[in-house]
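Below is one structure; the comments refer to it alone.
The values are calculated or read from the model by the stated rules, or taken from the named source; none is laboratory data. Please read these numbers as outputs of a predicted model, since none were measured by experiment. Neighbour counts run over all protein chains shown; Cβ positions are idealised from the backbone, glycine included.
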Amino acid sequence: MTIFIHPTAKVDDTAKIGEGTKIWDYARVRNAVIGENCIIGKNVYIDEGVVIGNNCKIQNNVSVYHGVTVEEGVFLGPSVITTNDKNPRAINPDGTQKSATDWEITKTLIKSGASIGAGSVIVCGVILGKWCLVGSGSCVTKDIPDYGLAYGNPAKVHGKVDESGNIVERY
């Protein structure tokens, strides 16, 4: 097996990329860890300190920011956005520009087998459970349980899914 990195992608020398992983056009991978057999789509941004498990598929235009951990077998649909600061500001109260030390990173965990639909926003500080399914266009502001089916803005749990993504219960 080998690693494929498209010529237009930019991957830091300090990034750790697992065997069989493919990183496509214009992706940017900072000092991150990406597992084996992952697919990193076109124009994906993976920030420093991010950890991505084996066998993940990250579709085009996804942003995964510092403080996010993605376990194995996770699907992040096109244009999913993660966040990492609960109180983002460009400047301090005195008007000076914020520096790297002025940011407080809030961690996010996306557990094994989770599937996040296109265009969803994951607000930092949440845990998305194993095999959960988040519908497209959702804004996740609270934890989603294992096997939870969640959608909406803000996302709410509306049922349960199985490991294939089939709805097994609605509420």
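Can you spot a residue in segment 102-110 that is crowded, with 18+ Cβ neighbours inside 10 Å, of a type in the set (Ser, Thr, Tyr), at negative phi and without any contact (Cβ under 8 Å) to a residue 40 or more places away in the chain? If you could, list the steps in order and put the result at the bottom.
So in segment 102-110, the residues crowded, with 18+ Cβ neighbours inside 10 Å come out as 108, 110.
With the extra rule that they be of a type in the set (Ser, Thr, Tyr), the set shrinks to 108.
So of that shortlist, the ones also at negative phi come out as 108.
Now restrict to residues that are without any contact (Cβ under 8 Å) to a residue 40 or more places away in the chain: none.
The answer is no, given that none of the residues of segment 102-110 is crowded, with 18+ Cβ neighbours inside 10 Å, of a type in the set (Ser, Thr, Tyr), at negative phi and without any contact (Cβ under 8 Å) to a residue 40 or more places away in the chain.
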Taking the conditions exactly as written (over 22 Å from VAL121 (Cα atoms) and either surrounded by 16 or more Cβ atoms within 10 Å (Cβ to Cβ) or of a type in the set (Gly, Ala, Ser) (or both)), does LYS22 satisfy them or not?
yes
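Would a scan of segment 2-16 turn up a residue that is closer than 20 Å to HIS66 by Cβ, assigned to a strand (DSSP E or B) and among the aromatic types (Phe, Trp, Tyr)? Reasoning before the result, please.
The initial filter retains those residues of segment 2-16 that are closer than 20 Å to HIS66 by Cβ, namely 9-16.
Within this subset, residues satisfying the condition of being assigned to a strand (DSSP E or B) are 10-11, 16.
If we keep only those that are among the aromatic types (Phe, Trp, Tyr) too, we end up with none.
Within segment 2-16, none of the residues are closer than 20 Å to HIS66 by Cβ, assigned to a strand (DSSP E or B) and among the aromatic types (Phe, Trp, Tyr).
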Close pairs (7 angstrom Cβ cut-off, 6 or more residues apart or separate chains): at positive phi in segment 47-76, of a type in the set (A, V, I, L, M) and at pLDDT below 95 anywhere:
GLY67/ILE105
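Tell me which residues, restricted to segment 42-76, are in a strand (DSSP E or B) and farther than 21 Å from TYR26 by Cβ. I'd like the intermediate steps shown before the answer.
Filtering segment 42-76 for residues in a strand (DSSP E or B) gives 45-46, 51-52, 57-58, 63-64, 68-70, 75-76.
Residues satisfying the conditions are VAL51, THR69.
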Of the numbered conditions (1) within 12 Å of the chain's Cα centre (by Cα); (2) in a strand (DSSP E or B), ASN84 satisfies every one except a single condition; which is it?
(2)
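So, in segment 22-41, how many residues would count as being part of a loop (DSSP other than H, G, I, E, B), closer than 19 Å to ALA114 by Cβ and in contact with a strand residue (DSSP E or B) (Cβ under 8 Å, 6 or more places away or on another chain)? Spell out the reasoning first.
First pass over segment 22-41, keeping only residues part of a loop (DSSP other than H, G, I, E, B): 24-27, 30-32, 35-38, 41.
Now drop any that are not closer than 19 Å to ALA114 by Cβ, which leaves 32, 35-38, 41.
Of the ones still in play, those that are also in contact with a strand residue (DSSP E or B) (Cβ under 8 Å, 6 or more places away or on another chain) are 32, 35, 38, 41.
The number of residues fulfilling the criteria is 4.
Looking at segment 114-153, which of its residues are among the small types (Gly, Ala, Ser), touching a residue at least 40 places away in the same chain (Cβ under 8 Å) and either outside any loop (DSSP other than H, G, I, E, B) or under 21 Å from HIS66 (Cα atoms) (or both)? First the steps, then the outcome.
Step one: list which residues in segment 114-153 are among the small types (Gly, Ala, Ser), which gives 114-115, 117-120, 125, 129, 135-138, 148, 150, 152.
Those left that are additionally touching a residue at least 40 places away in the same chain (Cβ under 8 Å): 114-115, 117-120, 136.
Result: ALA114, SER115, GLY117, ALA118, GLY119, SER120.
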